[in-house]
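**Q** Submitted below is the structure of interest, expressed as C-alpha cells.
Each value in this text was obtained by applying a stated rule to the coordinates, not by laboratory testing. Small disclaimer: the values here were computed from a predicted structure and weren't measured. Methodologically, a virtual Cβ is constructed for each residue, glycine included, from the backbone with ideal geometry; neighbour enumeration extends over all protein chains shown.
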Amino acid sequence: ECPRLLFPFARQIVSDATRNGGFPPLMIDPVDFARLYQSKLAENQAGRQTN
C-alpha cells in the first residue's frame with residue numbers, strides 16, 4: 001500500500017521540480033503497484049513449478 005499512497009505525491013514533486021527548473025513538466029504515468037506485484041508473484045510461482 002505504501003507505494004500506491006506515496007506515488008501521486010512523488011509524481012507531483014518531480015513535475016513541479018522540472019517545471020520550476022525551466023523545463024516542461026515531466027508527467028509520469030500512473031503505476032498500478034498491486035498489479036505489478038501480482039504479476040511478479042505469478043511469474044515466480046510459474047518458475048518454481050517448472051524447476
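**Q** For the chain, give the magnitude of the charge dipole about the Cα centre (Cβ charges: +1 Lys/Arg, -1 Asp/Glu; no others), in debye to the nearest 20.
**A** Using only the charged Cβ atoms, the result is roughly 80 debye.
**Q** Could you list Ser15, Ser39 so that the one with the fewest beta carbons within 10 Å of its beta carbon is first and the one with the most is last? Mind dumping the intermediate values first?
**A** Working: Ser15 15, Ser39 11.
Arranged by neighbour count, lowest to highest, Ser15, Ser39 become Ser39, Ser15.
**Q** Binned at 5 Å from 0, what are the whole-percent values of the Cα-Cα distance distribution for the stretch 2-50, short to long?
**A** 4, 20, 17, 14, 12, 10, 9, 6, 4, 2, 1
**Q** Please give the helix 33-50 orientation as an angle from the longest Cα principal axis of the chain, in degrees from 0 to 90, rounded to the nearest 10.
**A** Roughly 30 degrees between the two axes.
**Q** Quick check: the angle from helix 2-20's long axis to the longest principal axis of the chain, C-alpha only, nearest 10 degrees?
**A** 30 degrees
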